[in-house]
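To start, the structure under review is shown below, and the notes come after it.
Values in this text are rule-based calculations from the coordinates and carry no lab data. All of these numbers come straight from a predicted model, not from anything done at the bench. Cβ: placed from backbone, ideal geometry, glycine included. Neighbour counts: every protein chain shown.
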Protein chains: 6
Amino acid sequence: MKKFSHLDTTGAATMVDVGAKPPQLRRAVATGELRCAPATIRLLKKQALPKGDVLACARLAGIMAAKKTADLIPLCHPLALDKVSVDFTIKADRILITAEARLTGKTGVEMEALTAVSVAALTLYDMMKAVDKQMVIGEVRVSLKEKK
Amino acid sequence: MKKFSHLDTTGAATMVDVGAKPPQLRRAVATGELRCAPATIRLLKKQALPKGDVLACARLAGIMAAKKTADLIPLCHPLALDKVSVDFTIKADRILITAEARLTGKTGVEMEALTAVSVAALTLYDMMKAVDKQMVIGEVRVSLKEKK
Amino acid sequence: MKKFSHLDTTGAATMVDVGAKPPQLRRAVATGELRCAPATIRLLKKQALPKGDVLACARLAGIMAAKKTADLIPLCHPLALDKVSVDFTIKADRILITAEARLTGKTGVEMEALTAVSVAALTLYDMMKAVDKQMVIGEVRVSLKEKK
Amino acid sequence: MKKFSHLDTTGAATMVDVGAKPPQLRRAVATGELRCAPATIRLLKKQALPKGDVLACARLAGIMAAKKTADLIPLCHPLALDKVSVDFTIKADRILITAEARLTGKTGVEMEALTAVSVAALTLYDMMKAVDKQMVIGEVRVSLKEKK
Amino acid sequence: MKKFSHLDTTGAATMVDVGAKPPQLRRAVATGELRCAPATIRLLKKQALPKGDVLACARLAGIMAAKKTADLIPLCHPLALDKVSVDFTIKADRILITAEARLTGKTGVEMEALTAVSVAALTLYDMMKAVDKQMVIGEVRVSLKEKK
Amino acid sequence: MKKFSHLDTTGAATMVDVGAKPPQLRRAVATGELRCAPATIRLLKKQALPKGDVLACARLAGIMAAKKTADLIPLCHPLALDKVSVDFTIKADRILITAEARLTGKTGVEMEALTAVSVAALTLYDMMKAVDKQMVIGEVRVSLKEKK
């Protein structure tokens, strides 16, 4: 039967032991979105994009959060990430967020990519909440996970 | 015209000055969900609930993350929160997450509640990803914001 | 019947709501000790005390840890401490540690004082472990807690 | 003569250079205890154990603290831990705490295990202090340290 | 005779007790500069300014660092800052950095402003070091400190 | 043409991918200074040096900050440093600061050395500002960077 990897035989929470795993090149991509009013998107394009600071802010917050994943998610391993990047696509009624994490190491990095997307979305929310009270963060998921 | 509160007149990112605001009792509630396979929910009920550690883990991670909001979201103010709580409702194909933050202070606490929901969801994802690769975090939004 | 303050009515972990408490001057003192071989104490006096760095290191680590209490103890409130101090008394076979924390705020600071003692003890342990493998940290307790 | 490893030839604090050490599988176990009134233990079994949140909370706090060891202890190296686990044994008048840390790396992990025990003990203290003001954290020591 | 405020009567490091101080509106401005080759400045204007990300990155890093001052400077008090801002002026052979911190509280905020300038300068250095190995951070000082 | 390594082809901020780089022994030394009044230096020698705590404090703050570099500088990689050290030379009107960082890894450590110097300087500033309001941090630069 399938088992939750972070519970030991007594059901208590534990970190998975990755000591016997070989280091491999690992990569994960996660995506998500912040849904908002079309008027908010128009304002973003007009006020914020010329200078770039709203997206730059959210991008950096996502990258920095990926580096804090093991500090936020109790049973995640601390990882020496090779690279993190965050990108945005602006649609008429939402901002799509994509984050990629790379590691040469023993464990997958989808939590790092998901954390980058989530915190980038929260930062967009924070910077745009003065003009839109109805935004929703959604569709946060892993779109690619690979190792070689 | 509406304006982004975190951009100054040149469009550069800045923290809003809350120095002139009076301290008030503030409260915010945020909600969200982790959608997963019904089989995952059945496993959660069977393996993890007797001990409570999956939900207990996500609850604590959410509470601790709320206290780190100003460390994660670049332009958020550091706040001395009065209280944070996180709760879960288990449905057939998803886990609903609710977080509440309270403050006696100068600025709203919806970002703290949203951060608690997001990190609780990420922690559930982390603890259940060994048995379900298709989970999605969604519908993260503010459901109540008040001050008095 | 007495109740655990950090469990809600369903038994789930929660932060105590301090919103209705008045800010008061609060003070707590905690003590503890690191027991070690007399030879270790003699070496400490000989090698390290002239420069002061072993004790200075442990003192600072304790002070800095007190400021991180809410980051370490899941249900502690973030506090704007007025003062933290850490002191040592060197005995023949142990180092006594005393820490004091002060706050103008809504909640007691004994956890901050206890955290300062514990991390000061761990730091002494770390700096002396090359010469003594049998050290024990003990008797960590609150010796005073008051408010006015 | 034995020397303190964290003091350089002038007596100043320094991190030990581990650059020339080979990575090895390292493991350390530390133990400690929280002494309390028998009535507190009875209450713990009655109120908190059904839900598990007091112990689950302390377990997670210990695991998360182990990952922060280099942030707490000034001269510890940042380490990519393979695994951390924390367990409890409930006695009539105390809770015994055991923590294990594992690493594939260049330096021992006893400080990580000791930190996990100490912060788990502090968290138990925090969650039980409303019903017992006389608790004592003690006997925190390394019980096993090995590499291969 | 003048005294170092962070040393107690025995010369040991300690936090100043601010418990008896009244909360006041406090403001501090610090300045500094990153000196670099004129060719680096030309490249900055050409490659980076259209998108804004080099300066946006340094601005955010400075703001976020100000919020971490008490975590970086051992004897600083944790503060609930009202506002932090960071600005840049680009000269032919240097980038001037100005940071302002505001607080309603018991202690001055010049360390927060200085920390913001320093970390903004370090971030500029990091992002420009691929094209210029001779940069120097200098003239970091407090230019204004006031309370009312 | 030379390029900023932390901007991608669209000009957005990104971490450099170090996945393909071989781990090497890397070392960097950075230097800087805190300029102050000669009277301040005399006071430092008289009041603070016997106990060592001003310099010990700044040394530890610098070492600890080096370990936080990836948390402070948005696009820096998290690194498992082999060693960090910080030293001081006291001149008539300034304190010279030197920091060294060592790593077996994929990326240079000059940012870690620069961060150690900067935070050591800020800590000296903090501890001496009660007696000297005119201090200046300057000449922070990399003096050596090598790998083998």
Cβ-based net charge around E:HIS6, under 10 Å, with every Lys or Arg adding one and every Asp or Glu removing one: -1
Positive minus negative residues near A:ALA30 (Lys, Arg vs Asp, Glu; Cβ under 10 Å): -1
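Over the whole of D:82-94, what's the average partner chain Cβ count within 10 Å per residue? Rounded to a whole number, please.
Numbers: counts 10, 8, 5, 6, 4, 4, 1, 0, 0, 0, 0, 0, 0.
Mean number of neighbouring Cβ atoms from other chains: 3.
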Separation of alpha-carbon centers, the range C:77-148 and the range F:94-148, rounded to whole Å: 30 Å
Axis-proximal residue, chain B, for the rotation superposing B on C (Cβ, Å): B:ALA80, 4
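Find out how many positive minus negative residues lie around C:ILE95, taking Lys and Arg as positive, Asp and Glu as negative, among other residues whose Cβ is under 9 Å from that of C:ILE95. Spell out each step's value before the answer.
Numbers: positive: C:ARG35, C:LYS91, C:ARG94; negative: C:GLU33.
Result for the neighbourhood of C:ILE95: +2.
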Separation in nanometres of the label points that stand 7 Å from Cα toward Cβ, at C:LEU144 and D:ALA130: 2.8 nm
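How many Cβ atoms of partner chains, on average, are near each residue of C:115-126 if near means within 10 Å of its Cβ? Don't skip to the end; give the middle numbers.
Values: counts 6, 0, 3, 11, 8, 0, 4, 11, 8, 1, 9, 12.
What the average comes to for C:115-126 is 6.
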GNM flexibility winner over chain D from D:LEU114, D:LEU75, D:LEU103 (Cα, springs under 10 Å): D:LEU75
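Could you line up C:GLU112, A:GLU110, E:GLU146 from fewest to most neighbouring Cβ atoms inside 10 Å? List each step's numbers first, then the result.
Values: C:GLU112 29, A:GLU110 23, E:GLU146 11.
Listed from fewest to most nearby Cβ atoms, that is E:GLU146, A:GLU110, C:GLU112.
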Highest-MSF residue in chain A out of A:VAL86, A:VAL16, A:VAL117 [GNM, Cα springs under 10 Å]: A:VAL16
Label 7 Å beyond Cα on the Cβ vector: C:ALA130 copy-to-copy distances, nm: 3.3, 4.0, 4.0, 4.7, 5.4
Across the identical copies, how the D:SER5 labels are spaced - nm, sorted shortest first, 7 Å along Cα→Cβ: 3.2, 3.2, 3.9, 4.0, 5.1
Between helix F:53-67 and chain F: long-axis angle, C-alpha atoms, 0 to 90°, nearest 10: 10 degrees
For chain F: span of alpha carbons on each principal axis (Å, largest first): 53, 30, 24
Copy-to-copy label separations for D:GLN24, where each label sits 7 Å from Cα toward Cβ, in nm and ascending: 2.9, 2.9, 5.4, 5.9, 6.3
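Answer rounded, prolate or oblate for the protein assembly as shown, using the Cα gyration tensor with square roots of eigenvalues a ≥ b ≥ c: rounded when a/c is under 1.5, else prolate when a/b is larger than b/c, else oblate.
Numbers: a/c = 1.29, a/b = 1.00, b/c = 1.29.
Rounded, because the longest to shortest axis ratio a/c is under 1.5.
Averaged across the residues of D:127-135, what count of C-beta atoms belonging to other chains lies within 10 Å of each residue's C-beta?
Values: counts 8, 3, 9, 7, 5, 1, 4, 2, 4.
Mean number of neighbouring Cβ atoms from other chains: 5.
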Crossing angle, helix B:110-128 versus chain B [Cα axis fit, 0-90 degrees, rounded to tens]: 20 degrees
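Can you give the calculated 222 nm mean residue ellipticity of the protein assembly as shown, where each DSSP H run of n ≥ 4 adds -39,500 (n - 2.57) and the sum is split over every residue, rounded to the nearest 500 deg cm²/dmol?
On the way: 24 runs with 264 residues, N = 888.
It comes out at -9000 deg cm²/dmol, rounded to the nearest 500.
Please get the size of the charge dipole for the range D:20-148, origin at its Cα centre, with Cβ charges of +1 on Lys and Arg and -1 on Asp and Glu, quoted in debye to the nearest 20. It would help to have the intermediate numbers written out before the result.
Numbers: 22 positive and 13 negative charges, 47 e Å.
In debye, rounded to 20, the range D:20-148 gives about 220.
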